[in-house]
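Working notes for the structure below.
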Amino acid sequence: MNAAARHVDVIVAGLGSMGSAAAHQLAARGLSVLGLERFWPAHDQGSGHGETRIVRQSYFEGPAYVPLLRRAYEGWRQLEADSGRDLLTLCGGIYVGDPDSKIFAGAKRSAEAYGLAHEVLDAAAIRERFPAMDPADHALGLFEENAGYVRPEESILANLDLAVRHGAELRYDEPVRSWRSTPGGGVEVTTDAGTYGADRLVVATGAWAPGMLADLGLDLRVERQVVCWFTPDFSTVPYEAWRDLPVYIEETDHNRDIYGFPMVDGPAGGLKLAFFNTFQRTDPDAVDRQTTEAETEATRARARGLFPHLTGPLVKAMTCLYTTSPDHDFVVGALPEHPEVVVASVCSGHGFKFVPVMGEILADLTIDGRTAHDIALFDPTRPSLRLPA
Ligand SMILES: Cc1cc2nc3c(=O)[nH]c(=O)nc-3n(C[C@H](O)[C@H](O)[C@H](O)COP(=O)(O)OP(=O)(O)OC[C@H]3O[C@@H](n4cnc5c(N)ncnc54)[C@H](O)[C@@H]3O)c2cc1C
């Protein structure tokens, strides 16, 4: 193929969580789309794998996210309808911590600001309703029925299929090596197969985005996370109690918050949980993808504070990458010095639930240069993103 001769309306670099949604939405709106991906469809080398992702609306990270979450829920149902795949399960969610903790108090603030249905449960009520859980006596839980999980690999495949159905060309095993703005106001993107021209570029390269945007002086970190699946002791707490758990987040001292899921894949599948953040800075090209027993047992030891009967064997463990900004808000928008380039990455470990609305926002920004959604929080030019001089 003579890549140099190719010119499309938009190139999407990275076909993971956000890029697959962008490619789908852009193609659906009639643009010619070329998607370029480093690995294979729905791979396990970035941030969008591991069977489940929490979705929730009483957002402790801040009420400003709530309107986007409402739109994202509509988008999940639309994506299910369009793709014929089962993606979103609402099994409820509980956010546990001290009354003034960021997770409990933050979730309550968002629920109250937007009138989201919720219940506040004390420790005794949590134990009664969810017999696998044994929170500290002084803890409170905000229970939200309208929370649950999505299936990340299926979601990415759904968006990739729909992108192709709408005419996008998607190329795998073809990483973008470099890009540059061209004098005519477009971009040129180079891979090992050649150079492609486009009017617009969407950068959705996740943990590789900081490398691709290194010239911009943004303070972005890539972090290695460890996720574990444990077998509970079913003789003390029966399987049904683990299966019927909500999704959960628990805050305790020293930034050792954990989150996890009910047993979604049968008694042999294990209970999936992890530290919210392991704070291990890494490089996506050099990350150690093996997990150690020390790491998985540290996760179990912490998790047993909430689930005392999590005593059976480890089923499996894996690593995953976060790309974080200093304020933990996302980075989404056109680059100030390259208005033809829209970036949508750096989802600070909580981006997956937004995938459908992010696809919409990226298509808006690429086509119209603006969006009706309020994304002021994600401004790539905000001062908190600047590397210290
Ligand atoms: C352990 C873990 C748990 C999480 N839990 C939740 C949760 O419960 N709820 C939630 O909402 N969010 C959660 N997240 C966060 C969420 O998964 C991420 O915010 C989201 O997946 C980021 O999407 P992305 O498109 O930026 O990255 P990715 O999905 O990784 O996509 C980036 C893509 O770009 C490709 N790429 C990279 N470089 C190039 C290149 N040069 N050329 C072409 N392609 C390239 C990569 O191969 C990859 O496919 C979690 C993340 C992790 C790691």
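The values are calculated or read from the model by the stated rules, or taken from the named source; none is laboratory data. From a predicted model like this one, the values you see are computed outputs, not experimental measurements. With ideal geometry, Cβ positions are generated from the backbone for all residues, glycine too; neighbour counts draw on all protein chains shown. In case anyone asks, the SASA skips ligands and DNA or RNA and just uses the protein heavy atoms, side chains included. Shrake-Rupley method; radii C 1.70, N 1.55, O 1.52, S 1.80 Å.
For this structure, a couple of remarks:
- Environment charge at residue 310 (Cβ cut-off 9 Å; Lys +1, Arg +1, Asp -1, Glu -1): +1
- Modelled spin labels at residue 85 and residue 122, positioned 7 Å past Cα toward Cβ, are 4.5 nm from each other.
- Summarising the strand pairing of the chain, around 70 percent of its internal DSSP beta bridges are antiparallel.
- Set of the range 226-267 residues, backbone N closer than 17 Å to the point 7 Å along the Cα-Cβ line of residue 39: 226-228
- The range 232-293: mean projected area of Cα convex hull, nm²: 6.1 nm²
- Ellipticity estimate at 222 nm from DSSP helix runs (n ≥ 4, -39,500 (n - 2.57)) divided over the chain, nearest 500: -7500 deg cm²/dmol
- With DNA, RNA and ligands ignored, accessible area of residue 149 (1.4 Å probe; Å², nearest 10): 20 Å²
- Over the chain: Rg over Rh, Cα atoms, Kirkwood Rh: 0.98
- When only alpha carbons are used to place a centre, the range 192-231 and the range 300-362 end up 12 Å from one another.
- Within the range 220-359, DSSP assigns beta bridges of which about 100% are antiparallel (rounded to the nearest 5).
- Here the range 81-153 exposes an accessible surface that is 48 percent carbon and sulfur, computed with a 1.4 Å probe and the other protein chains kept in place.
- Peptide packing for 319-325, 10-16, 27-33 was compared via the average number of neighbouring C-beta atoms within 10 Å per residue; ordered from the highest value, the list is 10-16, 319-325, 27-33.
- Set of lysines near residue 272 by C-alpha distance (under 22 Å), chain-local residues within fewer than 8 positions excluded: 316, 353
- Dipole of the chain, positive end: most advanced residue of 162, 104, 229 [Cβ charges, Cα centre]: 162
- Top positive-direction residue, dipole computed over the chain with Cβ charges, set 125, 273, 355: 355
- Dipole check for the chain: with +1 at the C-beta of Lys and Arg, -1 at the C-beta of Asp and Glu, and the Cα centre as origin, the magnitude is about 320 Debye.
- Label point of residue 165 set 7 angstrom out along Cα-Cβ; within the range 23-62, amide nitrogens under 17 Å from it belong to 23-31.
- The slack in the chain from residue 279 to residue 374, taken as 0.36 nm per residue of separation less the alpha-carbon distance, amounts to 31.3 nm.
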